[in-house]
1. What is the one condition in (1) within 16 Å of the ligand (Cβ to nearest atom); (2) closer than 21 Å to Gly46 by Cα that Ser135 does not satisfy?
2. If you take the residues of segment 73-106 that are open to solvent by less than 30 Å² (accessible area, probe 1.4 Å), under 16 Å from Val125 (Cα atoms) and part of a loop (DSSP other than H, G, I, E, B), which of them is farthest from the ligand (Cβ to nearest atom)?
3. Out of segment 120-141, which residues are hydrophobic (A, V, I, L, M, F, W, C) and either open to solvent by 70 Å² or more (accessible area, probe 1.4 Å) or in a loop (DSSP other than H, G, I, E, B) (or both)?
4. Look through segment 107-119, keep the residues that are closer than 14 Å to Thr154 by Cβ and either within 13 Å of the ligand (Cβ to nearest atom) or hydrophobic (A, V, I, L, M, F, W, C) (or both), and return whichever of them is surrounded by the fewest Cβ atoms within 10 Å (Cβ to Cβ).
5. Mind checking which pairs have a first residue in segment 1-13 that is assigned to a loop (DSSP other than H, G, I, E, B) and a second that is at pLDDT 95 or above, Cβ under 6 Å, 6 or more apart or different chains?
6. What's the total number of residues in segment 37-68 that are within 12 Å of the ligand (Cβ to nearest atom), outside any loop (DSSP other than H, G, I, E, B) and either in contact (Cβ under 8 Å) with a residue 60 or more places away in the chain or not charged (D, E, K, R) (or both)?
7. Among the candidates Gly59, Gly18, Gly46, single out the residue that is on the phi > 0 side of the Ramachandran plot and modelled with pLDDT of 95 or more.
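The values are calculated or read from the model by the stated rules, or taken from the named source; none is laboratory data. Small disclaimer: the values here were computed from a predicted structure and weren't measured. So basically every Cβ, Gly included, is an ideal-geometry build from the backbone, and we count neighbours across all protein chains shown. Accessible surface is based on the protein model in full, side chains and every heavy atom, while ligands, DNA and RNA are left aside. Shrake-Rupley method; radii C 1.70, N 1.55, O 1.52, S 1.80 Å.
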Amino acid sequence: MQIRIAGIEPESIVDGPGYRFAVFVQGCPHGCAECHNPETHDFEGGTLVDTDEIIDHLGRNPLVRGLTLSGGEPMLKAQALAVIAQAAKARGLNVWCYTGYTLEELDETNDEAQQRLLALVDVLVDGPYVAAQRSLALPFCGSTNQRLIDMKKTRESGSVVLYEPQAW
Ligand code: SF4
């Protein structure tokens with residue numbers, strides 16, 4: 001399956017805890033003011049690659065603890081990212097995903113591919129970047145409206161449970 005990406009960072013230390021294999025997808029509709037990744041907005045930009053190519057690189061580095069999906073807007077590439085996330089899980093990696101949508105918006109849309117991807121995500125960093133709420137003190141996100149959501153606990157409890165760093 002093909003996916004248009006902005007790039008890959010095979011040993012990221014800023015997109016979640018520990019060393020992470022980060023995939024940045026190409027294309028974002030949110031238009032957040034002062035976005036740090038404006039080069040990822042154009043849906044025709046970036047590079048078209050096969051998910052098998054990405055999966056081939058997953059887990060090669062034993063120091064890498066997880067997969068991070070970022071962008072761009074990952075939820076608009078949910079079908080291909082679910083394939084990659086599934087492979088990451090099979091290699092024992094945890095999965096983080098950033099999105100400019102809120103979890104409530106995604107659940108209301110109830111898109112089948114997005115829900116399949118969400119079922120594979122351990123931590124969802126949700127909501128758009130809001131420059132007026134920017135904070136440098138936040139771990140792994142840029143503005144105070146964004147949440148680090150523990151998806152397993154959230155699905156089990158039926159209401160949003162935030163990620164606790166010590167659990168990882
Ligand atoms: S969702 Fe992310 S990539 Fe898209 S405009 Fe907002 S900050 Fe930029």
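1. Ser135 satisfies every listed condition except (2).
2. Step one: list which residues in segment 73-106 are open to solvent by less than 30 Å² (accessible area, probe 1.4 Å), which gives 73-75, 78, 80-82, 84-85, 87-88, 93-97, 99-100, 103, 106.
Narrowing further to those that are under 16 Å from Val125 (Cα atoms): 73-75, 78, 81, 85, 94-97, 99-100, 103, 106.
Okay, now just the ones that are also part of a loop (DSSP other than H, G, I, E, B), so 73, 99-100.
On the way: Glu73: 6, Thr99: 7, Gly100: 3 Å.
Going through the qualifying residues, I end up with Thr99.
3. Of segment 120-141, the ones hydrophobic (A, V, I, L, M, F, W, C) are 120-121, 123-125, 130-132, 136-138, 140-141.
Selection gives Leu120, Val121, Val130, Ala132, Leu136, Ala137, Leu138, Phe140, Cys141.
4. Checked segment 107-119; the qualifying residue surrounded by the fewest Cβ atoms within 10 Å (Cβ to Cβ) is Ala119.
5. Met1/Thr51; Met1/Ala80; Met1/Val83
6. So the count comes out to 2.
7. Values: Gly59 fails: modelled with pLDDT of 95 or more; Gly18 fails: modelled with pLDDT of 95 or more.
Just one listed residue meets the conditions, Gly46.
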